[in-house]
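First comes the structure, then the notes that go with it.
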Amino acid sequence: MNTQRYSRHLATLMERFERALSQTGFDQVVISAGSLVIVAEDDRAYPYTPRAYAQQWLPYDVLPDTFIIFKPGEKPRLLWPARQDFWHISPTEPSGDWTGMWHLQPAESLDDWLPALTGRTAWIGPEHPALEQHAKSVELNPTALKSILAYDRAYKTEFEVDCLAEANVCAVRGHRAARDAFLGGQSEAGVYRDYLAASGQLESTEPYSGIIALNESAATLHYERRSFETPSQHRTLLIDAGAKVNGYASDITRTHTTDTGRFADLLAGVDALQQDINAAIKPGVKMTDLHRKTQAGVAQLLLDHKICSLGVEEQLSKKIPQAFYPHGLGHLLGLHVHDVAGHQQSPEGEVRSDPDNPFLRLTRTLEEGMVITIEPGLYFIPMLLKKLIEAEPLHGLDVDLIEQLKPYGGIRIEDNVLVTATGHRNLTREAFDV
Ligand code: GLY
Ligand code: MN
Ligand code: MN
C-alpha cells in the first residue's frame, strides 16, 4: 500500500465528514462495520461483508464488530474487536505505518465506549442492541447526512483508484484461467473453480456472485446456476466476475466463443462498439447519452449482421435494439459493485432516473474521479424476442438467423473505467494488457 496516498485519502474523508456533520448539526459520527449473522440458529454465519462506510476508512478487510468514531478536530478512533474467545480466531491489533494516523482502542464490547459518548451523535450502520440504552443522544442513519456522504463516494481518491485497479488485476488472472478452462472443455462449475483459484478468492469473498454461463445460458443476464454438467459442445462462455481489494470491487465481463463464423463476427462487433463507447468518456459527458449511443450501436450491428433489415432510426423507434440489449450501459463502481448515488443529482439527495431506460443505474453527468462500468451487450433472449415479434409485425428480423444464433446465448463486454481530468483510464484493459 502507498501510505502517502492512504494518508491523503484519510484527509479527504475527514474533510468530507467534517463538512457533512457540520451541515447536518452533528458533533460526531459512529460508524459500524456490522456483525456476523447466524444462519437459521445453527452452526454457521452468513457470508460477512463489512459495511461500506466503515471499510472506506481502513486499508484492510475490516472485521465484524469494528467501529469507527470520528469527531471533527480529533484523530479518528478505531475500536477494534479485542475479543477473548478460544472458539474463534482472536483478532489482533491492526498494524502498519498507517496506524499512526489513528487512535487505536481495543474494545471487547460497546459498554467500553458507548456510554462515554457525549454530544449529538450520528450512527451509520446496522442498529445494535446496546444502542437502546443510549438512544437519547444517538440518531440512526440520518438521511440528510447519509445522502451527502453517498454523493461524495462517487469521487474516488487516488488510494481508492489504486484499490480498484488492483481488484482488476486480481480478477483478470481469474478471467484468463476461466477462458482456458472453457477452451479445455470444463463445465460451468469447473470454470468457476478455476476462476476463484486463479483470482485468489473464495465464493464468500467475491464482490458479487460470479456469473459463469455456457452456450444458451449466456442469454440469462444474471445466470446463477453453475452446472457440473459438461455440455457436448462448448460454443460460448460469458463470464461476469470480479474481485475485491480493501473492499473495492472490480466488475468485469468477457465473452469467449469457439465459433469462427457469424457469432464470432458479432462478438468482435460488440467489442468494437464497447471500445467506441469507452473512447467517448470524459468529464461533462452524460451517461444517458452514452446509453442511447450504445442502443444505436446495437441497432447498427443488427443491421450490419443482417439480423434486422430496418435502418437504425426505425429500429430505435420500434424499440428493437432494446430487445437484444435490455439492460443499462453501466453504473458507478466502488465499495459497492453498484455503487451508491448513481441517480443522485446533488448532495441534498435529489434523484433522477431515465424514464426511457429504467435499468440505467447512472444518470449523473460524468466527472473527474468517477469510476464506472461500461457494459454493452447483445443477447438472444427467447422471451423478449417472442414479445417483440408478436407486438411489431413489421420488425424486419431474420427469424431463421436468430434461431441459429440462440444456442450461443449472448454477448457482454464489461470494463471498469476511471474518468480523468481530460478523458479516461481503462483499468480493465490495462490489466489485460500486462
Ligand atoms: N455484475 C453485475 C453487473 O455487471 O452489473
Ligand atoms: Mn458485471
Ligand atoms: Mn456491472
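When VAL37, VAL245, VAL29 are arranged by Cβ crowding within 10 Å, least crowded first, meaning fewest neighbours, the order is VAL37, VAL245, VAL29. Full extension of the segment from GLU390 to GLU132, taken as 0.36 nm per residue of separation minus the current Cα-Cα distance, would add 87.1 nm. Between segment 355-416 and segment 116-191, how many Å separate their Cα centres? So the separation of the two Cα centres works out to 28 Å.
Could you list, bin by bin from short to long, the percent of Cα-Cα pairs of segment 105-150 in 10 Å steps? All Cα pairs considered, the percentages come to 23, 53, 23, 1.
Pairs exceeding a 18 Å alpha-carbon distance, out of LYS71/LYS146; LYS318/LYS406; LYS156/LYS244; LYS146/LYS282: LYS318/LYS406; LYS146/LYS282. Think of the chain as a dipole: +1 on every Lys or Arg Cβ, -1 on every Asp or Glu Cβ, centred on the Cα centre; then among PRO106, GLY334, THR420, THR420 lies furthest on the positive end. For GluC sites (Glu not before Pro), the sites in segment 211-293 that DSSP calls loop and that have at most 15 other Cβ atoms within 10 Å are GLU224, GLU229. Neighbour counts of other Cβ atoms within 10 Å put TYR325, TYR46, TYR408 in the fewest-to-most order TYR46, TYR408, TYR325. For LYS286, the aspartates and glutamates whose Cα falls under 14 Å of its own Cα, not counting residues fewer than eight places away in the same chain, are ASP354, GLU367, GLU368. So what does the Cα-only Debye profile of segment 59-195 read at q = 0.10, 0.14, 0.18, 0.20 Å⁻¹, as log10 I(q)/I(0), no solvent term? Once normalised to I(0) and log-transformed, intensities are -0.56, -0.90, -1.15, -1.27.
Pairwise Cα distances in the chain exceed 29 Å in 52 percent of cases. Evaluated at q = 0.16, 0.18, 0.22, 0.25 Å⁻¹, a Debye calculation over the C-alpha positions of segment 13-85 (equal weights, vacuum) places log10 I(q)/I(0) at -0.64, -0.76, -0.98, -1.15. If you model segment 162-204 as an ellipsoid using its alpha carbon gyration tensor, with each semi-axis the square root of five times an eigenvalue, the axes come out at 20, 11, 5 Å, biggest first. When every Cα-Cα distance of segment 40-122 is counted in 10 angstrom steps from zero, the calculated P(r) takes the values 14, 46, 31, 8, 1 percent. The Cβ shell under 12 Å around GLY311 holds other residues with a net charge of -2, Lys and Arg each +1, Asp and Glu each -1.
Label positions at ASP112 and ASP289, each projected 7 Å from the Cα along the C-beta direction, are separated by 5.4 nm. The gain in end-to-end length when the ALA82 to ALA45 segment is fully stretched comes to 11.4 nm, 0.36 nm per residue minus the alpha carbon separation.
Computed from the alpha carbon atoms alone, the convex hull of segment 305-356 holds 107 Å³ per residue.
Here is how the number arises for the chain: DSSP H runs of 4 or more residues each give -39500 (n - 2.57), the sum is divided by the residue count, and the result at 222 nm is -10500 deg cm²/dmol. Put in line by how crowded their Cβ is, counting other Cβ atoms within 10 Å and starting with the fewest, CYS170, CYS163 read CYS170, CYS163. Taking every alpha-carbon pair under 8 Å whose residues sit at least 6 apart, the chain reaches a relative contact order of 16 percent. Would you mind working out the magnitude of the charge dipole of the chain relative to its Cα centre, with +1 at each Lys and Arg C-beta and -1 at each Asp and Glu C-beta, to the nearest 20 Debye? So the magnitude is around 600 debye. Of the residues THR260, TYR248, GLY284, the one whose Cα sits farthest toward the positive end of the charge dipole of segment 196-306, with +1 on the Cβ of Lys and Arg and -1 on the Cβ of Asp and Glu, is GLY284.
Quick note: the coordinates plus some simple rules give every number you see, no bench work behind them. Model, not experiment: these values are computed from the prediction. Positions of Cβ are backbone-derived with ideal geometry, glycine not excepted, and every protein chain shown enters the neighbour counts.
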